[in-house]
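The values are calculated or read from the model by the stated rules, or taken from the named source; none is laboratory data. Note that the coordinates shown come from a computational prediction; the quantities given were computed from them, not determined experimentally. With ideal geometry, Cβ positions are generated from the backbone for all residues, glycine too; neighbour counts draw on all protein chains shown.
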Amino acid sequence: MPKVTIIVPTLNEEANIDLLLQRIFQVRRSCQMEFDVLFVDSASKDRTCERVRAWQDREPVRLLSRDTNVGLAGAVIAGAGITDAPFVVVMDADLSHPPEAIPDLLRPLLAGTHDMIIGSRYVAGGSMPDWPLSRKLSSRLATFPALFFCDVQDPLAGFFALQRRWLVELPGPVPGFKIGLAVLAEYGRDMRVKEIPIEFRERDCGESKMDRRVALEYLQQLVDLTVQRLRRRRRKG
């Protein structure tokens, strides 16, 4: 089986590390798939790094600790740059993404039938059971402009599997949180993309990273993607 690395960006996720890894390695044992876990920490102020290091003698867990907060997208790209695995899974540390779905993400990728598999909230069978209607509506509204750059139901999903090269070959810095959108906007026309349904849960511990700064970074990303698309059209014209 080809090597697979699960990349988990972290920022102050001390309370979630143990349960996340327990669930990941239970999945690894039950599905008999081989993968390691790489945490990329963006200068956490709590004991996130200590929690991760405590696992390094027990399971195939690694840590890349950064001195500054490079953002989720920057952390994922940094992680992709130091692993030699040809395939990676990207997921959050807050347990909103179910580790139990990892085998379903990997099977089409390893079988060679698809290039990117997304854990989707919006395809049939996907759900957000903890979210009130107002948040579901705001999420849908935030998703709408991203649909101009790709052809998937959940372009802002942060839980996906793909060939590592798609990440390391992304041109230029990627701002903010939406690394999956950056991949889809850059390569979507050349990728075989599949969405599988997941149950997206609200975090139990720690504080959400979604704030005004993140929203502004998302808007900036949309502007950058628009500029890139216009430049491509001019070159073709």
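Scanning the range 16-30 for residues that are more than 19 Å from A161 (Cβ to Cβ) and buried (at least 19 other Cβ atoms within 10 Å of the Cβ) returns N16, I17.
Scanning the range 14-34 for residues that are at pLDDT 95 or above and either in contact with a Leu (Cβ under 8 Å, 6 or more places away or on another chain) or of a type outside the set (A, V, I, L, M) (or both) gives E14, N16, D18, L19, L20, Q22, R23, F25, Q26. Examine the range 106-118 for a residue that is farther than 21 Å from P197 by Cβ, surrounded by fewer than 21 Cβ atoms within 10 Å (Cβ to Cβ), of a type in the set (D, E) and touching a Phe, Trp or Tyr at 6+ places or on another chain (Cβ under 9 Å), and state whether such a residue exists. No, every residue in the range 106-118 fails to be farther than 21 Å from P197 by Cβ, surrounded by fewer than 21 Cβ atoms within 10 Å (Cβ to Cβ), of a type in the set (D, E) and touching a Phe, Trp or Tyr at 6+ places or on another chain (Cβ under 9 Å). Looking only at the range 94-141, residues that are of a type in the set (G, A, S), touching a residue at least 24 places away in the same chain (Cβ under 8 Å), farther than 23 Å from A75 by Cα and out of contact with any Ser or Thr (no Cβ under 7 Å at 6 or more places or on another chain) come to 3 in all. Being at pLDDT 75 or above, aliphatic (A, V, I, L, M) and farther than 21 Å from T10 by Cβ: is that true of A185 here? Yes, satisfied. Would you check if there is a residue in the range 150-165 being touching a Lys or Arg at 6+ places or on another chain (Cβ under 6 Å) and under 24 Å from L19 (Cβ atoms)? No - not one qualifying residue is present in the range 150-165. Just one residue in the set M33, M91 is surrounded by fewer than 16 Cβ atoms within 10 Å (Cβ to Cβ), touching a residue at least 60 places away in the same chain (Cβ under 8 Å) and of a type in the set (A, V, I, L, M, F, W, C); that residue is M33. Please work out which residue is nearest to the chain's Cα centre (by Cα), limiting yourself to the range 125-150 and to residues that are among the small types (G, A, S) and farther than 22 Å from V90 by Cα. For the range 125-150, the residue satisfying everything is S138.
Only residues that are under 16 Å from D57 (Cβ atoms) and either in a helix (DSSP H, G or I) or basic (K, R) (or both) were counted across the range 17-40, and they come to 5. Just to verify a result, which residue in the range 171-196, among those that are crowded, with 21+ Cβ neighbours inside 10 Å and free of Cβ contacts under 8 Å to residues at least 60 places away in the same chain, is nearest to I118 (Cα to Cα)? In this case the residue turns out to be L181. Of all the residues in the range 41-63, those that are surrounded by fewer than 21 Cβ atoms within 10 Å (Cβ to Cβ) and either without any contact (Cβ under 8 Å) to a residue 12 or more places away in the chain or assigned to a helix (DSSP H, G or I) (or both) number 7. I'm trying to understand the selection: among the residues of the range 67-114, which are among the polar types (S, T, N, Q) and closer than 18 Å to S42 by Cβ? Selection gives T68, N69, T83, S96. For the range 64-73, how many residues are surrounded by fewer than 17 Cβ atoms within 10 Å (Cβ to Cβ) and out of contact with any Asp or Glu (no Cβ under 7 Å at 6 or more places or on another chain)? Of the residues in that region, 3 qualify.
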